[in-house]
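The values are calculated or read from the model by the stated rules, or taken from the named source; none is laboratory data. What you see is a predicted model; the values in this text were computed from it and never measured. Cβ atoms come from the backbone with ideal geometry, glycine included; neighbour counts cover every protein chain shown. Heavy atoms of the whole protein, side chains included, go into the accessibility calculation; ligands, DNA and RNA do not. Shrake-Rupley method; radii C 1.70, N 1.55, O 1.52, S 1.80 Å.
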Amino acid sequence: MTAHIIDGKAFAASVRARVQQAASDFKKRQGKAAGLTVVLVGNDPASEIYVRLKVSDAREAGIDSRDIKLPATATQAEVLDVVRKLNDDASVHGVLVQFPVPAHIRQDAILDTLSPDKDVDGLTTLSAGRLTSGRAGLVSCTPQGCLMLIKSVRPKLDGLSAVVIGRSQLVGKPMSQLLLQENCTVTIAHSRSRDLAAIARSADILVAAVGRAEMVKGVWVKPGAIVIDVGMNRLDQPGGKPKLFGDVAFDEVKAHASAITPVPGGVGPMTRACLLRNTVLAAFAQAGMSPPAEL
Ligand code: NAP
C-alpha cells in the first residue's frame, strides 16, 4: 500500500480563498473590514518573521491587519494595557500576542487578560473550556487545521479509534477534544505512556504532535490508518542547511497508512490559513452574524 499524500498547501489555499470571500462579504455587510492585530514584545528574529507573515497573510485575505511592536524592556503592566485596549477596540476582531514573550512577562497573565472572543490562537483558558464543553468558541489553529485535513480524506469519523501523541495546550489537548466531538474514541499519549508503539498501532487516525524527528515508525502504524504529522523539527545537516523533519518517518509510514501529511507542505500551511479563518469567524461572531456555512 502507498498512502495518499494529503496536500496541505493546496487545501490551505482553498481555505484562504473561502476566507477571502467571507472577509469580503463581512466588509460589504458591515461597512468595515475584519481586523487582526498581532502584538510582538521584543525582537526575537524568528518571532519577527512569524509576525510579518501573519500580517501579510491577513492583508492578502482582505483582513485589516497590523502589528504592534513593544520593546523587550516593556513591563508586564504595559503589555496587559495594550491587550486591554485591543479587547475594547471594536475595529479589532482578532488579537494574537506572539509567544514566547520575554521571561519577565507571564504568558498566563496575557492569556487571562485577552478576551476569548478575540483569542484567534484559541489559547485562553476560556477558549479551552468552551471547546471542552462543546460550546461555540475559537479553536487553536493547528488542531483545527489537522481536523480539516483528516475530514478531507474521511468526512465521517464516527466510532474510529484516534490516538494523539502529545498533550500540549496548543496542539495535543485541543486535537483530542476535536476528535472526541467527531465521535472518535480518543487516546492521548505522552512522554510517560507505556508501549507507545502498541498504542499508536491501535489508531485509525494517528496524530503525532511531539517534537521528535521521525519518532513514529512504519511498524507503529495500523494498515490503512490516516496519519497526521504536526512535528516541525529543524535538524542540522553535515555541510548543509538545516532540514525540516516531521515526527513521522514519512517514507516508512507511507507504506502502511492510507493517507499521510508530508512535512513540509502538510499541517504547517493549514495553521496559517486557520488563523485567518479564526479572525473572520471572530468578526462574524462579534457582529452577531452567522459565518458562511462553507467557511
Ligand atoms: P510541546 O508543548 O513540547 O509538547 C510535546 C508533547 O509531546 C508533550 O505532551 C510531551 O509529553 C510529548 N512527548 C515528548 N516526548 C515524547 C515521547 N518520547 N513519547 C511520547 N510523547 C512525547 O510541543 P507542541 O507545541 O505540542 O508541538 C509539537 C510539535 O509540533 C513540535 O515539533 C512543534 O514544532 C510542532 N508544531 C507544528 C505546528 C505547525 O503548524 N505545523 C504548530 C505547532 C507545533 P509530556 O506532556 O509528557 O511532556
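Cysteine residues of the chain whose Cβ has no partner cysteine Cβ closer than 4.7 Å: C146, C184. With each label modelled as a point 7 angstrom along the Cα→C-beta vector, the Q169-A197 pair spans 3.5 nm. Between the listed residues G145, L244, S176, the Cα displaced farthest toward the positive end of the dipole of region 145-295, a dipole computed from Cβ unit charges relative to the Cα centre, is found at L244. Take the Cα of I5, step 7 Å toward its Cβ, do the same at K217, and the gap between the two points is 2.4 nm. Amide H contacts of V97 (H built 1.01 Å from N, in plane; Pro and chain starts excluded): V39 sit under 5 Å, all sequence-distant by 5 or more or on other chains. Ordering V82, S202, G159 by Cα displacement along the dipole of the chain toward the positive end leaves G159 in first place; charges were set at the Cβ atoms of Lys, Arg (+1) and Asp, Glu (-1).
Segment K243..A17, full-extension length gain: 78.4 nm, with 0.36 nm per residue of separation and the alpha-carbon distance subtracted.
Where the convex hull is taken over the Cα atoms of region 141-267, what is its projected area averaged over directions, in nm²? List each step's numbers first, then the result.
Details: hull surface 30.0 nm².
For region 141-267, averaging the hull's shadow over all directions gives 7.5 nm².
Between 0 and 90 degrees, the angle of helix 141-153 with respect to the longest Cα principal axis of the chain falls at about 50 degrees. The alpha carbon centroids of region 153-181 and region 197-214 are separated by 12 Å. About its Cα centre, the chain has a charge dipole of approximately 360 debye under the convention of +1 per Lys or Arg Cβ and -1 per Asp or Glu Cβ, with nothing else charged.
Rounded to the nearest 10 degrees, the angle from helix 8-30 to the longest Cα principal axis of the chain is 30 degrees. When trypsin sites (Lys or Arg not before Pro) are flagged only if DSSP places them in a loop and at most 11 other Cβ atoms lie within 10 Å, the longest unflagged stretch of the chain comes out as 1-134.
Expressed as cubic angstrom per residue, what is the convex hull volume of the alpha carbon set of region 1-53? Could you put the intermediate results ahead of the total?
Working: hull volume 6.1 nm³, N = 53.
Measuring per residue, one finds 115 Å³ for the Cα hull of region 1-53.
Express the accessible area of the chain per residue in Å², computed with a 1.4 Å probe while the remaining protein chains stay in the model.
Values: 13850 Å² over 295 residues.
With the other protein chains kept in place, the chain gives 47 Å² per residue.
Each of T187, L295, G266 was scored by the projection of its Cα onto the charge dipole of the chain, and the greatest displacement toward the positive side belongs to L295; charges sit on the C-beta of Lys, Arg, Asp and Glu.
Considering helices alone, the calculated mean residue ellipticity of the chain at 222 nm is -12500 deg cm²/dmol, with DSSP H runs of length four and up weighted by -39500 (n - 2.57) and normalised per residue.
For the chain, what is the per residue volume of the convex hull drawn over the alpha-carbon atoms, in cubic angstrom?
Values: hull volume 40.2 nm³, N = 295.
That works out to 136 Å³ per residue.
For S161, the amide hydrogen comes within under 5 Å of the amide hydrogens of T185, D204, I205, counting only partners 5 or more places away or on other chains and with H modelled in the peptide plane. Annotation for region 1-57 versus region 242-295: alpha-carbon center distance of 11 Å.
Note on K151: lysines with a C-alpha under 17 Å away, same-chain residues under 8 apart excluded, are K9. Note on N43 and N183: the model spin-label points, each 7 Å out from Cα along the C-beta direction, lie 5.5 nm apart. Along its three principal directions, the equivalent ellipsoid of region 192-295 from the Cα gyration tensor extends over semi-axes of 31, 20, 12 Å, largest first. Sites listed here are chymotrypsin sites (Phe, Trp or Tyr not before Pro) in region 5-67 whose DSSP assignment is loop and whose Cβ has at most 11 other Cβ atoms within 10 Å, and the list is empty.
Between Q107 and S24, residue separation times 0.36 nm minus the direct Cα-Cα distance comes to 26.5 nm.
Charges at C-beta only: +1 for Lys and Arg, -1 for Asp and Glu. How large is the resulting dipole of region 146-227 about its Cα centre, in Debye rounded to 20? Walk me through the intermediate numbers first.
Working: 11 positive and 5 negative charges, 31 e Å.
Roughly 140 debye, rounded to the nearest 20.
Nonpolar atom fraction for the chain, defined as the carbon and sulfur part of the 1.4 Å probe accessible area, stands at 52 percent.
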